[in-house]
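What follows is a structure written as structure tokens; I'll ask about it next.
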Amino acid sequence: MKKQQDQVKVFTRRAFVIGGLQCAILGVLGGRLAWLQVAQGSRYKTLSEKNRINLKVIAPERGQIVDRFGVPLAVNAQNFRALIIPEQTDDIEKSLRTLQDTIEISEEDIQRVLKQAKKTARFVPIEIRDDLEWEDVAKVEVNLPDLPGLNIDVGERRSYPYGEATAHLIGYVAAVDKSEVGKDPLLSLPGFKIGKTGIEKRFDLDMRGQAGRAEVEVNVVGREVRELRKKESRHGKRVVLTIDGELQRFTQSRLAEQKSASAVIMDAHSGEVYAMASHPAFDPNIFTSGITAAQMLELDSNPAKPFVNKAVSGQYPPASTFKMITLLAGLSNRTFSSRHTVFCKGHFDLGRDRFHCWKRGGHGWVDARKAIQVSCDCYFYELALELGIDSIAEYAHMLGLGEKYGFELAEERAGLVPDRNWKLGQFGEKWQPGESVVAAIGQGYLQATPLQLAVMTSRLVNGGYAVKPWITGGDIWGNKPPEGGWPKLNLNSAHMKVVKDGMDRVVNTKNGTAVGSRIVEDEFAFGGKTGTGQVQRITMQQRMAGIKNEELKWKSRHHALFVGYAPMHKPKYVCSVVVEHGIGGSRTAAPIARDLLLEVQKRDPAKTPLHEPNDQVVQNKDKQKEQTAL
Amino acid sequence: MSSSISLQHEQSIFERLANLNWLLFLLITGIACVGFAALYSAAGGSLSPWASRQMARFGVAAFGMIIIAIIDIKWWYRLTWPLFFLGLFLLLVVEIMGHVGMGAQRWIDLGFIKLQPSELMKIVVVMALARYFHTATLEDMRRITFLVIPVMVIMAPVGLVLLQPDLGTSLMIIMAGAAMFFMAGASIWLYIGGAIAVAGMIPIAWHFMRDYQKQRVLTFLDPERDPLGAGYHITQSKIALGSGGLEGKGFLEGTQSRLNFLPEKQTDFIFTLWAEEFGLIGGVLLLSLFGLVFLYGLWISVRGRQNYMRYLALGLSVNFSLYVFINIAMVMGLIPVVGAPLPLISYGGTSMLAVMIGFGLMMSCSIHQYTKVSR
């Protein structure tokens, strides 16, 4: 009995120990729950939201690029894509084969889709083909009942209606490089493209627009359950160019007759660029639809460098087109008067060095106007020797050489105007008088781009205003002209008239170097100056043997240059043409300039003010798109 | 031997029903209702596929529980050993079928229910130990030779369950058995020695563990080790619990479970779903309901007139609490993921059946507290 009572006592004590332990464990669990839910609650709430909500970036529509009349140069074409959603069909392959009977689908595409379908979640659409024709879309739509899982999706692809003609100017867009990925979430978006060159690059941020955002609730496998919030994307700004699209196209095709050439047409007074072309070019559309390795290799290995915009980044010795500057410097410094004459006997001797005039046998007595007209080298040799390089350089800078304008294309180069200090800094050597002689005719260290030559010519014929080139207007100004016009340069109008008289004569008088390209109709008549830039020094042997330049290898031939303006009596348009290794300015560059100046005068783009962008147009475009989508 | 307090006459069925522990029945039903609500939510606000079937099962199980409760405890006492060997036999059958048939199978398909012998074995081991210790004196309990048989009663099913392999169930049987030894008066030193032995066994056990078991332990020790793989369940469960906060996200509003971030939300992780939607308040409420059930078992046990009833009722209460502790500690990241259901709430037949049988026996102990089971 006693033992039994003891046993009950032990049991009861131990039973309560067990009960206490159970309650204690429950307490621990409750405490843990409170810790997780209250103390750590906010942390886990954040984690839970992160789990639940996916931020989706919505790509904005890229801004258009239009010419001065509002004609599109870069647009967003509709890109119809055929997609398949695996979960909507029982047999992907069957759907694909049926599709293959309907429209053209390559075997590789089918294999790629089948392979991808095994890897991704079944609700993720897989692209079968893009760039579908309207006809194909219609065919697919009709056959949709037999094509389970198939979807047609409208995407956007940058398209350049003018193709090659605007390749350098507009540039192109391509996929974002790893190094370019920054803060903008758009850049991480698959398939997103940004401007790589030209206007597309320069105004990329303006045209890009603002990303929209959608917060979508997703489940554990990433399927979207519903949209929680949405902020629409804002389409990018439209860029209006001063370019005349048709003139641009004309210019490009005119240059295409040469192996490698570039040209600029601009307004002598306002600085608007109407056309700017560089040949050879490439089709920028291949970058958006996917360039093949073979295409890339071909473009890359072309010695005429199709990717380089030579109009702004090609640097050439200005050659005889520089003579206006030397003359203007001489007249301004009163080194020579306009009536002063020099006797050209075909060469000019300085110490032991002999400098030849381009014309064997010489020009005889030459004054300022005639020196430009016949492009007499000896006249400028003598002038430069008395004038000195620093004066020449001063006027070269005044007329816009040797500097960048802050032009809208980042590819712009500065060229080179040498002087004493420059040589001392560059080579640690003193300037030699012989170098001034060479610089006087635009050779030696001198370098200028076609754009700079056009600016130089503009400043020579616009009454002496320091015009700078610009190419974008409207909402986005690149290089906006100052209020009240361009500043006046400190130039004597009488001297300027002498120079212009000489240039008028180049084209319009019997002995002028470009008389062969003359426009007979008085209203379209133009003036200008030829230039022939030496690539290699002409050796004594070549000179004695009388080897013609065209007999040399292409790479060794002279560059051909021409700067011109029109109409002759009241210049409005200016153009510069550089034909690489074109042998002679009067022979290859002047005829091109003639055609360009005639065309620009006929089209007369300056008559029409720059197209004003407004949202009305954009909205209309959107409406149009909706209609086509229906 | 005479006993001053003993009920002479046999109770009628109605008397037994009247003596049924209706408060316990109410508590159990309350917990089951929490389960129905949670399963309704787990299905995204739908009775099918889980809640409706669970209700039907609970109905059948509650009926079975009452039948077991009104059967005189002495019959259960007498049937203990046959039931024990039947349990062992079923475990063997499952083991052999598993080898012959389709891999690691833990159940016998009886058509209407998939019977998991290991679940039943948890109850039967408690019965067998209660029966064995019923006649034991305190002196017996200090004799090592006396304890050989009860140790074998525990180790035989544990060995078979381990072969399945089911570490969680094995440990539960051992822990329940240890509690039985304790309440019957086994020496404290046995536990201290046992603890030391277990500590020494850990490296050996580690060596014999299956890869997936090792993974579970490693993942438990550092859930972030593999956030997308094995640690994913624990991490997502903790996020679900934590984001519930004090008041919860609201019924049917649990994003973690609704969006399937929560694994096994209708079975092992159902507590997480409940606490995500009803917060700390709901969680503590459920824990309290469980606590009351434990205490009710303790109360039946200490009111027991004979050792068999005392040991059986408390053993069953301990067994039930082990389910609760293991499951909830697991979903809170306190112990490794072992794959144990939350009794009465998790969707599933066998665990429901097993705990309801347990409650039936517990009630039988209470109803027939004046019955003499032997001698």
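Every read-out reported here was derived from the displayed coordinates using simple, explicitly stated rules and does not represent laboratory data. The shown structure was predicted, so the numbers you read here are calculated from the model rather than taken from an experiment. Please note: Cβ atoms are built from the backbone with ideal geometry, for glycine as well, and neighbour counts cover all protein chains shown.
Using 0.36 nm per residue, how much length does the chain from A:Trp134 to A:Val520 gain when fully extended, once their Cα-Cα distance is taken away?
Contour length minus Cα-Cα distance gives 133.9 nm.
On C-alpha positions alone, give me the angle between the axis of helix B:232-244 and the longest principal axis of chain B, in degrees, nearest 10.
Long axis of B:232-244 versus the principal axis of chain B: about 90 degrees.
Ok, one more. Using 7 Å Cα-to-Cβ label points, what is the A:Lys553/A:Asp353 separation (nm, one decimal)?
Roughly 2.7 nm, to one decimal.
For the protein assembly as shown, with the dipole built from +1 on Lys and Arg beta-carbon atoms and -1 on Asp and Glu ones, taken about the Cα centre, which of A:Leu55, A:Ile25, A:Ser517 lies farthest toward the positive end?
Towards the positive end, the residue furthest out is A:Ile25.
Only counting other Cβ atoms within 10 Å, I'd like A:Ser106, A:Ser159, A:Ser436 sorted with the fewest neighbours first.
Ordered by Cβ neighbours within 10 Å, fewest first: A:Ser106, A:Ser159, A:Ser436.
Report, for the range A:54-241, the % of DSSP beta bridges that are antiparallel, rounded to 5.
Bridges in the range A:54-241 that DSSP calls antiparallel: roughly 95 percent.
Right, another one. How high is the FRET efficiency from A:Ser337 to A:Leu205, r the C-beta distance, R0 51 Å, rounded to 0.05? Can you show the working numbers first?
Details: r = 54 Å, r/R0 = 1.07.
Efficiency at R0 = 51 Å is approximately 0.40.
For each pair in A:Lys139/A:Lys193; A:Lys178/A:Lys305; A:Lys370/A:Lys488; B:Lys74/B:Lys372, compute the distance between the two Cα atoms and list the pairs where it is over 18 Å.
The pairs that break the limit, which is 18 Å between Cα atoms, are A:Lys139/A:Lys193; A:Lys178/A:Lys305; A:Lys370/A:Lys488.
What residue among B:Gly35, B:Leu259, B:Gln164 has its Cα farthest toward the positive end of the dipole of chain B, where the charges are +1 on Lys, Arg and -1 on Asp, Glu, each on the Cβ?
Positive-end residue among those listed: B:Gln164.
What's the longest piece of chain A with no exposed GluC sites (Glu not before Pro), counting a site as exposed if DSSP puts it in a loop and it has at most 15 other beta carbons within 10 Å? All intermediate terms of the calculation are to be shown ahead of the outcome.
On the way: sites that count: A:Glu104, A:Glu133, A:Glu232, A:Glu257, A:Glu403, A:Glu429, A:Glu483, A:Glu521.
The longest such stretch corresponds to A:258-402.
A further question on this structure: For the pair B:Trp206 and A:Leu189, how long in nm is the line joining their label points, each one 7 Å along Cα→Cβ?
5.3
Rank these for me by crowding, A:Met496, A:Met503, going from fewest to most other beta carbons within 10 Å. Intermediate values should be presented prior to the final figure.
On the way: A:Met496 21, A:Met503 30.
Fewest-to-most ranking of A:Met496, A:Met503: A:Met496, A:Met503.
Determine the dipole magnitude for the range A:414-567: charges of +1 sit on the beta-carbon of Lys and Arg, -1 on that of Asp and Glu, nothing else is charged, the reference point is the Cα centre, and the result goes in debye to the nearest 20.
Roughly 500 debye for the range A:414-567.
Tell me, in nm to one decimal, what length is gained between A:Asp501 and A:Ser289 on full extension, where the rule is 0.36 nm per residue of separation less the Cα-Cα distance?
71.1 nm
Same structure again: A:Cys23 to A:Val181: extension gain in nm, 0.36 nm per residue of separation minus the Cα-Cα distance?
Roughly 51.1 nm would be gained on extension.
Still on this structure, I have one more. How would you rank B:Ile71, A:Ile372, going from fewest to most other Cβ atoms within 10 Å of each one's own Cβ?
In increasing order of surrounding Cβ atoms, one gets B:Ile71, A:Ile372.
If r is the Cβ-Cβ distance from A:Arg43 to A:Phe69 and R0 is 60 Å, what FRET efficiency results, to the nearest 0.05?
Calculated value: 0.50.
Rounded to the nearest 20 debye, what is the charge dipole size of chain B about its Cα centre when +1 sits on each Lys and Arg Cβ and -1 on each Asp and Glu Cβ? Show your work: numbers first, answer last.
Working: 24 positive and 19 negative charges, 163 e Å.
With Lys and Arg at +1 and Asp and Glu at -1, about 780 debye.
Can you tell me the FRET efficiency between B:Ser374 and A:Lys9 if r is taken as the Cβ-Cβ distance and R0 is 35 Å, rounded to the nearest 0.05? List each step's numbers first, then the result.
On the way: r = 22 Å, r/R0 = 0.63.
Efficiency, from the Cβ-Cβ distance: 0.95.
Would you mind counting up the charge near B:Asp72? Only other residues with Cβ under 13 Å from its Cβ, with Lys and Arg at +1 and Asp and Glu at -1.
+2
Further question: Using only helices, what value at 222 nm comes out for the protein assembly as shown when you add -39,500 (n - 2.57) per DSSP H run of length 4 or more and divide by the total residues, to the nearest 500 deg cm²/dmol? Intermediate results must be reported in sequence, preceding the final value.
Numbers: 38 runs with 496 residues, N = 1005.
So the calculated ellipticity at 222 nm is -15500 deg cm²/dmol.
Among B:Leu218, B:Ala61, A:Ile92, whose Cα projects farthest towards the positive end of the dipole of the protein assembly as shown, with charges put on the beta-carbon of Lys, Arg (+1) and Asp, Glu (-1)?
Farthest towards the positive end: B:Leu218.
Mind putting a number on the dipole of the protein assembly as shown about its Cα centre? Charges go on the C-beta only, +1 for Lys and Arg and -1 for Asp and Glu, and I need it in Debye to the nearest 20.
The dipole of the protein assembly as shown has a size of about 2320 debye.
What nm distance separates the two modelled labels at A:Thr509 and B:Cys33, each placed 7 Å from Cα along Cα→Cβ?
Placing both labels 7 Å along Cα→Cβ, they lie 11.6 nm apart.
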